[in-house]
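Structure first, then comments.
The values are calculated or read from the model by the stated rules, or taken from the named source; none is laboratory data. Quantities reported herein were computed from a predicted structural model and do not represent experimental measurements. Heads up, the Cβs are rebuilt from the backbone with ideal geometry, glycines too, and the neighbour counts pull from every protein chain shown. Just the protein is used for accessible areas: all its heavy atoms, side chains included, with ligands, DNA and RNA removed. Shrake-Rupley method; radii C 1.70, N 1.55, O 1.52, S 1.80 Å.
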Amino acid sequence: MEKQELLYEGKAKKVYATRDPERLIVSYKDDATAFNGLKKGTIRGKGAINNQMSNLLMARLEKEGVPTHLVEELNDRETLVKRVSIVPLEVIVRNIAAGSFSKRYGVEEGVVFEQPTFELSYKNDGLGDPLLNDDHAVALGLASREELALIRKYALAVNRVLGEIWRACGIILVDFKVEFGRLGDGTIVLADEISPDTCRLWDAETQEKLDKDRFRRDLGNVEGAYQEMARRLMGK
Ligand code: TMP
Ligand code: ASP
């Protein structure tokens, strides 16, 4: 399948049309942004790592009953996916307090929750991705109650599956963000990506951060953290 016109360029990926209206090609960039695009940089090798890691994780999730947009990896940086229209929600599951949760509620990073938390933000850069609840999402016409129930079920399944995969690699899954999309017939599938850009991943022994927080917080060795995650998950 060949790339046709560029349909969309986001902060970390480009999306191209193909000759099949139901299929798109996603191309992962090394570009990184944080704080709604205020901070910009490049993480060398990130595009290829995120592409391959996301595909491996989505293939596992499919096997565990979570439908995804994945069709086939085309090369290091590019993947053929099902065309979806993205549900404009950032779906976040947390196992341990960190990031905006710690800031918003005044909780120290590292406090372990008894149960995972499920949270939604409105995916809207102009508004700064504000937190919202199910009623707000329905009132705004972003998703139906039935879709929200399914999204919650899938997101918690993603947490269980990813948690196990990372645990086997000596990594703690602190939290993550996923996005869902609708296929032409309305079916909800997991879309976007799952990578160190979208997960908080801490070394189980040392608690060292091995994710995009190294870039967001200027912790150094950003490339090394992505490479280490690739090595642990894919042996390369
Ligand atoms: P937060 O603590 O900043 O709300 O982030 C929660 C999770 O979501 C964390 O794993 C990082 C991820 N995330 C994204 O994937 N994209 C974003 O734009 C933000 C702010 C967070
Ligand atoms: N990708 C987001 C942005 O540029 C931020 C993040 O991942 O922290 O705003």
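When the pairs Lys3/Lys103; Lys14/Lys177; Lys40/Lys236; Lys14/Lys63; Lys3/Lys209 are compared against a 31 Å limit on Cα-Cα distance, Lys3/Lys103; Lys3/Lys209 fall above it. For the stretch 27-106, GluC sites (Glu not before Pro) are listed when DSSP marks them as loop and at most 16 other Cβ atoms sit within 10 Å of their Cβ; the list is Glu64.
Just add up the charged neighbours of Ile194: K/R +1, D/E -1, any other residue whose Cβ is under 11 Å from the Cβ of Ile194. So the environment of Ile194 carries a net charge of -2. Once Rg and the Kirkwood radius are both taken over the C-alpha atoms of the stretch 1-86, their ratio Rg/Rh works out to 0.98.
Can you list which of the GluC sites (Glu not before Pro) found in the stretch 132-236 are DSSP loop residues with at most 10 other C-beta atoms within 10 Å? Write down the numbers at each step before the final one.
On the way: sites: Glu146, Glu147, Glu164, Glu179, Glu193, Glu205, Glu208, Glu223, Glu228; in loops: Glu193, Glu205, Glu208.
Passing sites in the stretch 132-236 are Glu205.
Eigenvalues of the alpha-carbon gyration tensor of the stretch 114-236, scaled by 5 and square-rooted, set the equivalent ellipsoid semi-axes at 29, 17, 13 angstrom, largest first. Using θ = phi - 60° in the Karplus curve 6.51 cos²θ - 1.76 cosθ + 1.60, the 3J(HN,Hα) couplings for the stretch 14-28 round to 10, 10, 10, 6, 10, 6, 8, x, 8, 10, 10, 10, 9, 10, 7 Hz; x is entered for Gly and Pro. Size of the chain from its Cα atoms: along the principal axes, largest to smallest, the extents are 48, 43, 37 Å.
How many percent of the accessible area of the chain is carbon or sulfur, using a 1.4 Å probe? Percent of accessible area from carbon and sulfur atoms in the chain: 48.
Each residue, Ser102 and Lys236, gets one label point 7 Å from its Cα in the Cβ direction; the gap between the two is 3.4 nm. Counted by Cβ distance under 12 Å from Val84, the other residues give a net charge of 0, where Lys and Arg count +1 and Asp and Glu count -1.
Taking every pair of Cα atoms in the stretch 84-164, average 1/r, invert it to obtain the Kirkwood radius, and report Rg/Rh to two decimals.
On the way: Rg = 13.5 Å, Rh = 13.7 Å.
Looking at the stretch 84-164, the ratio lands at 0.98.
Rolling a 1.4 Å probe across the protein heavy atoms gives the chain an accessible surface of 49 Å² per residue. Distance between the 7 Å Cα→Cβ label points at Ala204 and Glu164: 1.4 nm. Taking Tyr105, Tyr28, Tyr16 in turn, the Gaussian network model of the chain (Cα-Cα springs below 10 Å) assigns the largest fluctuation to Tyr105.
About the Cα centre, and with charges only on the beta carbon of Lys, Arg (+1) and Asp, Glu (-1), how big is the dipole of the stretch 110-236? Nearest 20 debye, please.
Numbers: 17 positive and 23 negative charges, 57 e Å.
My answer is approximately 280 debye.
Amide H to amide H distances under 5 Å link Asp30 with Gly47, where only residues 5 or more positions off or on other chains count and H is placed in the peptide plane.
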